[in-house]
1. Enumerate the calculated ³J(HN,Hα) couplings along the range 44-61 in order (Karplus 6.51 cos²θ - 1.76 cosθ + 1.60, θ = phi - 60°), each rounded to whole Hz, writing x wherever the residue is Gly or Pro.
2. Once you wrap a convex hull around the alpha carbon atoms of the range 1-63, what is its projected area averaged over all directions, in nm²?
3. Karplus couplings for the range 17-32 from phi (6.51 cos²θ - 1.76 cosθ + 1.60, θ = phi - 60°), rounded to Hz, Gly and Pro as x?
Amino acid sequence: MSECYEYVPHWLLRQRVRDIPSGVEGVLMAVINENVSDTGVERWMELAYIRNASGREFATAVTNIEPATDQPLTAVSRRDQRSA
């Protein structure tokens, strides 16, 4: 496999995400366009690198991630709920 890759900006970087197939949640650390072929023919994929609660990172296709909807409330959203 070639060592060719490039970092890709993503709107969910450094936010909590969920890997849809496994259901595992963590923080999206990077999205990398990477050559995943082990043959002479290049095959490029955008991979999402997620750090789970144990600190271990794993990779999944970027199309397999979604925002984690059950995120804890921020101070601003808690304040807004009290004033409602």
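What follows is calculated from the coordinates using simple rules that are stated; it is not laboratory data. Keep in mind it's a predicted model, so treat the numbers as computed, not measured.
1. 9, 9, 8, 10, 9, 9, 10, 9, 7, 4, 7, x, 7, 9, 9, 10, 8, 4
2. If I average the Cα hull's projected area over directions, I get 4.5 nm².
3. 10, 10, 7, 4, x, 9, x, 6, 10, x, 9, 6, 8, 6, 10, 10
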